[in-house]
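What follows is a short report on a single structure.
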Amino acid sequence: MRFILTTLLFLTLFGSQGPIARPDPRSTNSLKNRVIIASQEGEYCDASHSVGKLGLGIAAGWLGGVYQYTPDACIIGDWRGEGGEYPRWSGIQYLNDVGLWVGGVVGSDTLVSIVSYIDRDEGGWEFLVDGDPSRALEYRSISDPEAPEFIGALSEEDFICRSVDTFTASSGYGHLSNLDFLDYRPHRPLNLGIEQRSYAWSVEYAEDFVLFDVRITNIGQSFLEQVYVGIQSDQDCGQWSLEEDVYWISEDDICGFLRTYPSSRGCGFVDTVGLAWVADNDGDPIKGEFKVKGGNKSPLSVEGIRFLQLPKATQQISYNWWVRNYGLNYDFGPRRKPTPDRPLRNFHTGGTGEPLGDRNKYYLMSNGEWDYDQPYVTAIWPGDPEWMFPPFEYRDSLANGDDAYYVLSFGPFRLAPGAQLSLAFAYIAGENFHTDPNNGINLINKQPTTWYQNVSFDDIALNSMWAEWLYDNPGVDTDSDGYAGEYRVCVLDSQFIGGQWVITAADTTYHHGDGVPDWRGVQPPPPPVFWLEPQLNGIRIRFNGQASETTKDIFSGLIDFEGYHIWLGRDERESSLSLLASYDRENYDKWVWNKFIPPAGDFVIQDVPMTLDEIRCRYGSGIDPCDDSLFHPLSFDRTNPYRYKYAVDSIFYFTPHDKNVYRLGTQTPIRKVYPDAHKPTGLDTVKAEDLTPEGYLKYYEYECMLENLLPTIPYHINVTAYDFGSPKVKLPSLETSKMMGLEHAFPYADEAQTDTTLPPVYIYPNPYRIDADYRAAGFEGRGSSRIPDRDRRVHFVNVPPRCTIRIHSLDGDLIREIRHDFDPADPNSRHDSWDLINRNIQTVVSGLYYWSVEAVDGSVQMGTLAIIK
C-alpha cells in the first residue's frame, strides 16, 4: 500500500582542472550516487542501489523506498530513493516494500519476525540495528581497484546490511508497534541475525535487476523447529511526481507467477523463469493512449522476485497472494477447499486475505499452496474441485486489479543455536509489459486468457534468466569437479548418409550453471583512463585505452574490445549526454543459412565478429589468401550470399558489425596522440620511450579536441569503452557506464597556454537577478530536484588554484568565505561558485556586495556584486 504524501515536509530529497588522472574513471560517480542512511541502535540502516536502470532502496531483509522518517539520516548522493523506480529517474515506481518473514516454533509458541510495513495495526520492523550503525551497513565496489571499498567487492555496487531480531518492541514508521493481533502481546523475538548482501551492475544485460544473498543465523540459545522463510511483497505501480508534490498510485495492480517462458535462444527451448510478478492491470492509459511524458506517466513495465538458490533441505515452496482492504468483506486471498487433514484456517479478521498476527503469517508461509494468478479470480466457480469460491460481489473487481500483496516462502528447517540458513534471490524489472492501451477491457469482460495474450513477459523473462546466469555462470566449472552445468544442443544442419540423417552442424549452449554461485557476469572492457585539459575556448580530451583494448572477457577468453564513445552534456543527467565522437573497429558479422529455422529457414549469426584480415585469410583466393585485396565481405548480401564449398556453413554473407568508423582523424575526430608508436607484443620488453608521462603505453593514447566552447558553461564529459557483444546468444554490445566517471570542466586557458598572464578574476552573472529564473532557462540547477533557492550560483572565473574567496556586505560584515584549494592540474582549478547562502545557511537578501579573492601569496583582487529581486 502506498501512503499519500502531500507536502515536502514529508519527503527526503537526496542531493545535495589541467589533466585529471584516475586509476578507473568509473569510481567518482559510484560514490556520488551512493545513498546511505545510517541510524541509531534499535533502529535500521538504509541504502539505495542506483548504478543500473532500476532504482531500489534496501535494508537488512527489506527492499523499497528510502523514506524521510528513517532516524538520524546521514545522506550521501542525489537519488530520491523511491522503491522500484524503473527506469530510474522516470518517476514511475512499482514497489512499496518487500520484507523478509521468518517463522518457527519455540517450545509451544509459534513466532514470526518480519521486516515490512504490512500490518495495519502491528507495525513491522522487528529486525533492527544492534550496536554500532557503521557495522550495520557496508559499501563495496569493483569500480576503482585503488579504492578501499574494492577489497572483497563482487559488483559495481555491493551493500552488506546487518540487523538482529532481539528486541521485544519493533519499529514501524518511526514509532513502536502495537500488540500481536491474535495473541495480544508485544513482539517475541526469535533471536536471529540477518546479513544481506546485495549486488548491482550498470552493464546493459544486468541493469534491470539486483541480486541478493541472505544469511539467517540463530544467535539465540534455543532450537528453532519447523522454520519457514518468506519474502513478502507489496508492489504499487504508478507515477511518483515530486514536482507535483504527490504520489499518484492507483490501486489496480495485478499479480501472478510465471513458471516458464520460451527461451530467447530459440530452437524451441523453454526456460524455467520462476518469477512472482506484479504490474499495473492496464498501464493506466489516458483517452485510449499510453502517456510516456510529463506527469502521471503510464506504468508499462513489470517487476517481480525469483529465487536463485534455496537450502538443499527445502521440502516445500508456497506462493500466496491477497488483497488487503480495510473493508473486511473485501479482504481476500485464494484458499484451497478444506479437507479432513487440512481444515479451513480462520484468520479472525473477517476476511481471507491479510494475515494479521504471528500465527496467521506462519500458516500462510507453511500451507504449501500455489495460488492461481489474480486475473483468473473470475474463472473460479462454486464447483471448482480445488479452490474456494471468491466473494461473488467482489470477484470481478478483484480480477481487475487491486492493492495486491504476495508472500513467496519455503521450508521447513530445524535451526540449532549458531546454525545458518542461506538463500539467494533477485528483484527484477522488465519493460514493455503493456503494449495495448485497450487490453484492460479483457479483464473487465472476464477474459484473462485474452488479456495474457496482449501483455509481454519477453523482457522480464530474459532479465530473469540473466539474473540466474550472473548468479551461477552457465558453462563454468566453479569448483573444478568436472561438471559445468546443464546444456542444450540445437541442430543446425544434417545430411542423409547411409540411409539415416546425420547431424553435421549443431550449436551447444549451457543454460544452467554447476550449482556453485559465481556472483559475476559478463562485463564490458575496462573504461579508458581519461584527462580533461581546458584550453582557451576549448577542452582537449585525452585518454588511454591500454586496459580497454587488452583485457579478455572472463567467459569467452577473447579480447572483445570494439570501440570508444565520447559523451558530452550540459549537466550530469544521463538524458543530457549526447554522443560526441566514436571509434569503432572494422569488423563484420557472418550470417549463415540455417534451414531448420521456421517456417522455411533463415540466416543466423553463429560466431563473433571477424576482422577484414581474418575473413580474407579464411575465404580469399590465390597463393596467399590473406593478400587477396579483391575479396571484400560486403560484396555479398542476403540476396547474393557467398557459397563456400569446403565447410558445412556453406552459404553466408557479411554485414558491418557496427558503424565501422575506424579511420582515425578522418571518419572520426578521435586521433592517435602518438601515431608512430610501436605496438608491443607479449614478447617485447617495454622501453621508456614506449610510455606516456603517466606510465601508459603510447600506442593506446588518443585525443579529441572540443573547440568554440563558451567559457561560462561547464561541460560534462565521459569516455566509455564497449565490446562487440555476442549476437549468437542475443547479448548486445556492453558499454561502460556513461555516468560513472563523468567529469566536468570549464574551457579556460591556464598561464602555460598564453603568452601573458591570465586576465583578472571576474564573476557572472552580475548583476544576479532573482526574477530572471535562470533555472528555467537551464543556466543553473539542471537535473536537480531541490528547491530553487538551493540551486542558485554566482561563478568566479580565473581564480588562482589556491585562494580564499570572501563575500562582504557594504557594512563590511563577512557574508560567506569559500576555501578554494585545487591541484593546479585539475581542470576546474580556475573556477568556483557561490550558492547565495550566507554563513548562517540562509538565503542572502537583495543588495550590493563586495567580493575579494586572496591568493596564497597575499595578492588580492576585489569587485562588487549586485543581487536584484
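The values are calculated or read from the model by the stated rules, or taken from the named source; none is laboratory data. As the structure is a prediction and not an experimental result, all values here were calculated from the model. Backbone-built Cβ (ideal geometry, glycine too); neighbour counts: all protein chains shown. Accessible surface is based on the protein model in full, side chains and every heavy atom, while ligands, DNA and RNA are left aside. Shrake-Rupley method; radii C 1.70, N 1.55, O 1.52, S 1.80 Å.
Within a straight-line Cα-Cα reach of under 16 Å, K552 can be paired with the following aspartates and glutamates, leaving aside sequence neighbours fewer than 8 residues apart in one chain: D560, E562, D723, E735. Residue ranges 508-515, 631-638 sort as 508-515, 631-638 when ordered by packing (mean number of other C-beta atoms within 10 Å per residue, highest first).
Packing, taken as the mean count of other beta carbons within 10 Å per residue, orders the peptides 280-287, 219-226 from highest to lowest as 280-287, 219-226.
Run the numbers on the stretch 526-629 and let me know its relative contact order in percent, using alpha-carbon pairs under 8 Å that are six or more apart. Walk me through the intermediate numbers first.
Values: 134 pairs, mean separation 13.3, N = 104.
Averaging sequence separation for qualifying contacts and normalising by length gives 13 percent for the stretch 526-629.
Distance between the modelled labels on V860 and R336, one decimal in nanometres: 8.5 nm (7 Å Cα→Cβ projection). Annotation: extensible slack from A776 through N438 equals 118.0 nm (criterion: 0.36 nm per residue apart, minus Cα-Cα distance).
Near V661, the amide H atoms lying under 5 Å from its own belong to D584; only residues 5 or more places off or on other chains count, and H is placed 1.01 Å from N.
Return the tail of the calculated pair distribution for the stretch 798-869, meaning the percent of Cα-Cα pairs more than 17 Å apart. Don't skip to the end; give the middle numbers.
Numbers: 1124 of 2556 pairs.
When every Cα pair of the stretch 798-869 is considered, 44 percent fall beyond 17 Å.
Ranking T166, T668 from most to least accessible surface, computed with a 1.4 Å probe over the protein chains only, gives T166, T668. Per residue, the solvent-accessible area of the stretch 530-608 (1.4 Å probe, heavy atoms of protein chains only, all protein chains present) comes to 42 Å².
What the Kirkwood sum gives for the stretch 541-602 is a hydrodynamic radius of 15.6 Å, with every pair of different alpha carbons counted. Were the residues from V270 through K687 laid out at 0.36 nm apart, the gain over their Cα-Cα distance would be 144.6 nm. For the stretch 267-319, a simple Cβ point-charge model (Lys and Arg +1, Asp and Glu -1, everything else neutral) yields a dipole of about 140 debye relative to the Cα centre. Label-to-label distance, S480 versus S576, with points set 7 angstrom from Cα along the beta-carbon direction: 5.1 nm. Over the stretch 400-484, Cα pairs under 8 Å with separation of 6+ residues give a relative contact order of 27 percent. In this simple spin-label approximation, T655 and I623 carry label points 7 Å from Cα along the Cα→Cβ vector, and these lie 3.9 nm apart.
With an 8 Å cut-off on Cα pairs and a minimum separation of 6 or more residues, tell me the relative contact order of the stretch 692-745 in percent. Please list the in-between numbers first.
Numbers: 40 pairs, mean separation 17.4, N = 54.
Relative contact order for the stretch 692-745 comes out at 32 percent.
Would you please state which residues of the stretch 848-869 a label at R802 would reach in this model, taking the label point 7 Å out along Cα→Cβ and a backbone N cut-off of under 13 Å? Zone members listed by number: 855-858.
Averaging Cα coordinates gives a centre for the stretch 573-643 and one for the stretch 518-568; these two points are 24 Å apart.
Would you mind putting 390-398, 808-816 in packing order, based on average other-beta-carbon counts within 10 Å, highest first? Working shown, then result.
Values: 390-398: 16.1, 808-816: 12.2.
With the highest mean Cβ count within 10 Å placed first, the list reads 390-398, 808-816.
Under a Cβ-Cβ cut-off of 9 Å, what is the net charge of the residues other than D459 that fall near it, where Lys and Arg count +1 and Asp and Glu count -1?
Details: positive: none; negative: D208, E431, D458.
Neighbour charge sum, excluding D459 itself: -3.
Measuring r between the beta carbons of E386 and D183 and using R0 = 30 Å, the FRET efficiency lands at 0.45. The calculated FRET efficiency for R585 paired with E225, based on their beta-carbon distance and R0 = 56 Å, is about 0.35.
If I take R0 = 22 Å and measure r between the Cβ atoms of A313 and R215 in this structure, what FRET efficiency does the formula 1/(1 + (r/R0)^6) give, to the nearest 0.05?
Numbers: r = 15 Å, r/R0 = 0.69.
Given R0 = 22 Å and the Cβ-Cβ separation, E is 0.90.
Over all Cα atoms in the stretch 462-609, the spread is summed up by Rg and Dmax: 21.9, 79 Å. Length available on full extension from T168 to Q420: 0.36 nm per residue minus the Cα-Cα distance, which gives 88.5 nm. Computed with the Debye formula from one identical point scatterer per Cα of the stretch 311-415, without solvent, the log10 of I(q)/I(0) at q = 0.20 Å⁻¹ comes to -1.08.
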